[in-house]
Every structure is written in structure tokens, then in C-alpha cells.
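Report on the structure given below.
The values are calculated or read from the model by the stated rules, or taken from the named source; none is laboratory data. Just so it is clear, the structure is predicted and the values come from calculations on it, not from any experiment. Backbone-built Cβ (ideal geometry, glycine too); neighbour counts: all protein chains shown. In case anyone asks, the SASA skips ligands and DNA or RNA and just uses the protein heavy atoms, side chains included. Shrake-Rupley method; radii C 1.70, N 1.55, O 1.52, S 1.80 Å.
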Amino acid sequence: PFVRIAPSESAEPGRDVAMDDRTAAGEMTQYLAGLGHRRIAHISGPVPEVMSLRRQEGYRRAMRNAGLAIPEGYEQRGDYLLHGGARACEALFNLPEPPTAIFVSNDEMAFGAIHHLRETGHDVPGDVSVVGFDDLYLSEAFYPPLTTVSQPRIDIGRQAMSILLKMLSGAHVPAKPVVLPATLRVRGTTAPPKSA
């Protein structure tokens, strides 16, 4: 018996425990739009990695729902690493009209993006709001503390082990996924845009 944690969508249906990446990414994008941002860019993880695609889909859906355009160049591809976030941010700020907010697909790239912004004289969040995804243990200690999506890691592990123990005891467990909600951690890297 086994239980999968955060399986890819290509996996056969089974006993899975995961977080809803699409919904969480959409909620974070909606949060930025709610602050008054209209120029919201996205730095994704590597594509076609499934987690990257889910978060990108959530961003796109939220932008459509908010009636916001995604200009050419506002979607940059990263690699989940610090330097990838910095490179993608540099590309965004070489555009004729840079974003006022950036939704980054993981915290490490968000740190890289913020580092690039500081090096080029931009204030976070005064000039640009930056948000991440994952809620790494350093995210709260970072300055300013990073606004991010917190994954329910402990709950995912607890649910998976609970299902596995039931299976080992011989109990029937339906082969359907368990999807857990994420939490937005609003901290110091977000603010309304200056124009608002």
C-alpha cells in the first residue's frame, strides 16, 4: 500500500494528498489585484513541470476574472533558483512598462527578484510588490518579510500517514485524491501601487 503526495496530473487516479496549486495561485493574484495593482507579472517555474503549469494557470485565470491584461513579456520562465528569479525580474524591468507587482512561483526566486530590484534602486514594496509561494522557513525572517502562499505541509503529511495506516490495517480507503487548502501569509513585501 502507498499514498502519493502532490502527484503529477499524468499519474493514474489513486490515494493522493495534495494542495490545490491553481486555487492558491489565483488567490494570491486576486490579492494583488485587490490592492489596486493592474500590471501584475508572473515568474513561473520550469515548464512543462506540472506544478509550474498549475500555478501559471491560476495566475492567468485570476487575471482574466479581474479583467486584467497580460502584456507580452509579463510571463517569464524561471527555474526555482535564486539567480533564475533575478534574471526573470531583470527581463521584466527591461520592458517599456514594467509591472507594479510580481507573483513568483516559489520563495527562492522571489528572494532573487527582490535582490535584483534592490540592486537597481527599486523599493519593495514601495515601488514594486513581490509575492512568493511555499512559505520557506526563511520567508518570515527575510527583510522585508515575504508575502507568500503557505503550503499545509504538516497536514499533508498527517493526512497521508492516516490514509496509509488505514490501508495497512485492512480498511477500505476510496481511491480518490484529498486536496487541502493553502493559506496566504501577508507580510511586508506587498502594498498598494503608488498610483493608487
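State in Å² the accessible area per residue of the chain; use a 1.4 Å probe, count heavy atoms of protein chains only, and round to the nearest integer.
So the chain comes to 51 Å² accessible per residue, rounded to a whole number.
At 222 nm, what value in deg cm²/dmol follows for the chain if DSSP H runs of at least 4 each add -39500 (n - 2.57) and the sum is divided by all its residues, to the nearest 500?
On the way: 5 runs with 70 residues, N = 196.
-11500 deg cm²/dmol, from helical runs alone.
List the chymotrypsin sites (Phe, Trp or Tyr not before Pro) within the stretch 1-60 that DSSP assigns to loop and that have no more than 14 neighbouring Cβ atoms inside 10 Å. Working shown, then result.
Working: sites: Phe2, Tyr31, Tyr59; in loops: Phe2.
Of the chymotrypsin sites (Phe, Trp or Tyr not before Pro), the ones in loops of the stretch 1-60 whose Cβ has at most 14 other Cβ atoms within 10 Å are Phe2.
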Next on the checklist: With angles folded into 0 to 90 degrees, how steeply does helix 153-168 sit against the dominant principal axis of the chain? Use alpha carbons for both and round to 10.
Outcome noted: 20 degrees
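Could you list the chymotrypsin sites (Phe, Trp or Tyr not before Pro) in the stretch 115-196 that lie in coil according to DSSP, counting only those with at most 11 other Cβ atoms within 10 Å of their Cβ? Numbers along the way, then the final one.
Values: sites: Phe133, Tyr137, Phe142; in loops: Phe133, Tyr137, Phe142.
Here the chymotrypsin sites (Phe, Trp or Tyr not before Pro) that fit, given the DSSP loop and packing criteria, are Tyr137.
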Checklist entry - In sequence order, what are the phi-derived ³J(HN,Hα) couplings for the stretch 69-83 according to the Karplus relation 6.51 cos²θ - 1.76 cosθ + 1.60 with θ = phi - 60°, rounded to whole Hz, with x for glycine and proline? => result 7, 10, x, 4, x, 7, 10, 10, 9, x, 9, 6, 10, 3, 5
Checklist outcome for this item: Expected max-MSF residue from Ala160, Ala110, Ala33 in the GNM of the chain (alpha carbon, under 10 Å) is Ala160
Next on the checklist: Using the Karplus curve 6.51 cos²θ - 1.76 cosθ + 1.60 with θ = phi - 60°, what ³J(HN,Hα) values do you get for each residue of the stretch 132-137, in whole Hz, with x for Gly and Pro?
Outcome noted: x, 7, 2, 6, 4, 4
Checklist entry - Taking square-rooted eigenvalues a ≥ b ≥ c of the alpha carbon gyration tensor, is the stretch 12-93 rounded, prolate or oblate, where a/c under 1.5 means rounded and, failing that, a/b exceeding b/c means prolate? => result oblate
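Let a ≥ b ≥ c be the square roots of the eigenvalues of the Cα gyration tensor of the chain; is it rounded (a/c under 1.5), or, if not, prolate (a/b larger than b/c) or oblate?
The shape class here is prolate.
State whether the stretch 118-158 is rounded, prolate or oblate according to the following rule on the C-alpha gyration tensor (a ≥ b ≥ c being the square roots of its eigenvalues): a/c under 1.5 gives rounded; otherwise a/b larger than b/c gives prolate, and the remaining case gives oblate. Kindly include the intermediate steps, with their values, before the conclusion.
Numbers: a/c = 4.22, a/b = 2.91, b/c = 1.45.
Here the stretch 118-158 falls in the prolate category.
What are the GluC sites (Glu not before Pro) within the stretch 98-196 that DSSP puts in a loop, where the Cβ has at most 16 other Cβ atoms within 10 Å? Please report the intermediate quantities before stating the final value.
On the way: sites: Glu108, Glu119, Glu140; in loops: Glu140.
Those that pass, being in a loop and sparsely packed, are Glu140.
Report for the stretch 40-196 the percent antiparallel among DSSP-assigned beta bridges with both residues inside it, nearest 5.
Working: 3 of 15 bridges.
Bridges in the stretch 40-196 that DSSP calls antiparallel: roughly 20 percent.
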